[in-house]
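Engineer: One structure is given below, represented as structure tokens, and several questions about it will come after.
Derivation of every value follows stated rules applied to the coordinates shown; laboratory data play no part. What you see is a predicted model, and the numbers here were worked out from it, not measured in a lab. Here the Cβ is made from the backbone with ideal geometry for all residues, glycine too, and neighbour counts use every protein chain on show.
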Amino acid sequence: RDPINIRKLDQENVAGRFVVNWKATEDVLAYASVSRGYKSGAFPVVAANVVTQLEPARQEKVTAYEVGTKAGLLDGRLQANLAGFFYDYRDKQVFGEILDPIFVSLTRIVNVPKSEVYGLEADLNLQATRELSLRVNGSYTHTEVTKFIGFNRFGQAEDFKGSAFPYTPRWQLNGSASYDLPVGDDLGLRFDTNVSYQGRTDGALGGDPEFNVDAYTIVNANVTLHALD
């Protein structure tokens, strides 16, 4: 008989990318791309209670569409990037639940047959003065399961259509400032600050409020003494 501790997964794929670039002016580039990528099949790394938790997940496939622009403005002192994207997933790998007669439900990597992601990303970099540089970037990401029937953490069958991906906040924002000035012939002093924000997100497929991850903000600051060379 086949030993229960032996599991096999044999799959193949062909990935690729097609891009069209258009240089509208010397400082403005527009582009559009279509790409196909894969995430290899995976064997769960979990503290398993039953052998069914160790069944492998099939490879994940995504067809990605993106359009965007990259622009150098203000005589090169401002770099502005903007992109919109749409991802069409097949068999996306997520941590989900399987039934168990003793523990009710147990965690395993499962495949979501169909799902999608779309959103926007923006990035601004400004060299305000010789000493001061500023950066702001952010993203809006909408994730949605379009086809998947599985089990929730309470062992109940559930249609997850319309659910968001776990640990994928809709809003992420980041801002930073750096001020660098010489304090002698050989040394410089740099002041850096950074603020990042991550919006609320689900901690489990299905959006059960008991597993929500609240929005939070992180603020960092540091001072660096450095050699000018």
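Engineer: Here are some values of percent of Cα pairs over 30 Å apart: [x] 29; [y] 47; [z] 22. Which one was computed from this structure?
Structural biologist: [y]
Engineer: What residue among Ser133, Ile109, Asn81 has its Cα farthest toward the positive end of the dipole of the stretch 77-139, where the charges are +1 on Lys, Arg and -1 on Asp, Glu, each on the Cβ?
Structural biologist: Ranked along the dipole, the leading option is Ser133.
Engineer: Count the lysine pairs in the stretch 1-139 that are 8 or more places apart or on different chains: how many have C-alpha atoms under 27 angstrom apart?
Structural biologist: Value for the stretch 1-139: 11.
Engineer: Run the quick spin-label model on Gln156 and Arg130: label points 7 Å from Cα toward the beta carbon, then report their separation in nm to one decimal.
Structural biologist: 6.7 nm
Engineer: Another question, then. Which listed residue (His226, Asn21, Val50) has the Cα farthest towards the positive end of the charge dipole for the chain, taking +1 on Lys and Arg C-beta and -1 on Asp and Glu C-beta about the Cα centre?
Structural biologist: Val50
Engineer: Now for a separate question. Can you give me the long-range amide H partners of Ile109? Hydrogens built in the peptide plane at 1.01 Å from N, cutoff under 5 Å, separation of 5 or more residues or another chain.
Structural biologist: Counting only residues 5 or more places away or on other chains, the set is Gly96.
Engineer: Among the trypsin sites (Lys or Arg not before Pro) within the stretch 122-155, which fall in a DSSP loop and have no more than 12 other Cβ atoms within 10 Å of their own Cβ? Write down the numbers at each step before the final one.
Structural biologist: Details: sites: Arg130, Arg135, Lys147, Arg153; in loops: Arg130, Arg153.
Answer by residue number: Arg130.
Engineer: About its Cα centre, what dipole magnitude does the chain give when the only charges are +1 on Lys and Arg Cβ and -1 on Asp and Glu Cβ, stated in debye to the nearest 20? Numbers along the way, then the final one.
Structural biologist: Values: 23 positive and 29 negative charges, 155 e Å.
Result for the chain is approximately 740 debye, rounded to the nearest 20.
Engineer: How many angstrom lie between the C-alpha centres of the stretch 184-229 and the stretch 94-116?
Structural biologist: 33 Å
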